[in-house]
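So the structure is just underneath, and the comments pick up after that.
Since every read-out is calculated from the coordinates, none of them should be taken as a lab result. None of the values given here were measured: they were computed from a predicted structure. All Cβ positions, even for glycine, are placed from backbone atoms using ideal geometry, and neighbour counts span all protein chains on display.
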Amino acid sequence: MLSVNELINKKRTSQKISMITAYDFAFAKMAEMAQVDQILVGDSLANVMLGYSSTREIGMEEMLVFTKAVAKGAPHTHIVSDMPYLSDSNAKLALENAKKLIEAGAKSVKLEGAKLEVIETLVANNIAVVGHLGLLPQTASNFKQVGKAPQEELQILKEAELLTKLGVFEIVLEHIPSGLGQKITQEVDAITIGIGAGPFTDGQVLVLHDVLGMHNGKYPPFASPFKDFFSEGVQGIKEYIQSVNSTSN
Ligand code: KIV
């Protein structure tokens, strides 16, 4: 398992870092066998696993169940767990909840936005923290790219610098212009992991269901599937049904 220091060393020696989401035992096992650097138990599980329309709909209870399952499936991989909506609304609550996620098997926790007091408190209590800037699905009103306007660009850059200063070791940058992803990567010591942030970040993360083509819905412009698990699955189940129907009594 890669420690925080080993991950930082990858940035320092210009080695790319791979991260993928996983939410359960079976797929965590698959991700570990594929030797991904980090698994994110993302709150995107609200959408892709539970069928909710927003990540705001899941809470700590679900995050703990899924984190435990992933930790069982990938005991040798660095697991990052998302702090769900409102679980980090103040420093005391965030610390309690982050400790629960670590106990469930996460090695670090990720939280959206520049919540400075929360981050300070977690870091002071030896919790490894991953930031998340750019598009913030828990509070965004739409899923358009952010950081195009010069003022917005400057704000995201400043927040990345601030988070790094507070001790965040890694920052997920979601749906921002490639140039901004590159600028942040060059200017901060924290590792940058992009999702729709161009090719110049220290690493990349994608949602497992997008990578494997596990759904027949809309794919984000930055996530073309590498496989077609959805069609394969439908076909496999059809073959099973045929075999059941063709068995004589
Ligand atoms: O929840 C998630 O899957 C995420 C990624 C989009 C980075 O936060």
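Checking the condition assigned to a loop (DSSP other than H, G, I, E, B), buried (at least 21 other Cβ atoms within 10 Å of the Cβ) and away from the ligand (no atom under 13 Å from the Cβ), which residue from Ala114, Ala106, Ala94 passes?
Only one candidate passes the filter, namely Ala106.
In this structure, does Ala28 turn out to be touching a residue at least 40 places away in the same chain (Cβ under 8 Å), more than 24 Å from Ala124 (Cβ to Cβ), outside any loop (DSSP other than H, G, I, E, B) and in contact with a Gly (Cβ under 7 Å, 6 or more places away or on another chain)?
Considered against the rule, which asks whether it is touching a residue at least 40 places away in the same chain (Cβ under 8 Å), more than 24 Å from Ala124 (Cβ to Cβ), outside any loop (DSSP other than H, G, I, E, B) and in contact with a Gly (Cβ under 7 Å, 6 or more places away or on another chain), Ala28 comes out as yes.
Does Leu101 qualify as being assigned to a helix (DSSP H, G or I), under 18 Å from the mean Cα position of the chain (by Cα) and within 16 Å of the ligand (Cβ to nearest atom)?
So Leu101 passes the test.
Could you list all residues from the range 160-175 that are aliphatic (A, V, I, L, M) and not in a helix (DSSP H, G or I)?
Leu166, Val168, Ile171, Val172, Leu173
Go through the range 176-202 residue by residue and tally those that are under 16 Å from Leu163 (Cβ atoms) and in a loop (DSSP other than H, G, I, E, B).
7
Check Ser18, Ser54 and return the single one that is more than 13 Å from the chain's Cα centre (by Cα) and closer than 23 Å to Gly194 by Cα.
So the residue among Ser18, Ser54 that is more than 13 Å from the chain's Cα centre (by Cα) and closer than 23 Å to Gly194 by Cα is Ser54.
When you look at Gln145, is it touching a residue at least 24 places away in the same chain (Cβ under 8 Å) and either within 15 Å of the ligand (Cβ to nearest atom) or part of a helix (DSSP H, G or I) (or both), yes or no?
Taking the combined requirement at face value, the residue satisfies it.
Against the conditions (1) farther than 24 Å from Leu50 by Cα; (2) of a type outside the set (S, T, N, Q); (3) in a helix (DSSP H, G or I), where does Phe230 fall short? Just the number, please.
Exception for Phe230: condition (1).
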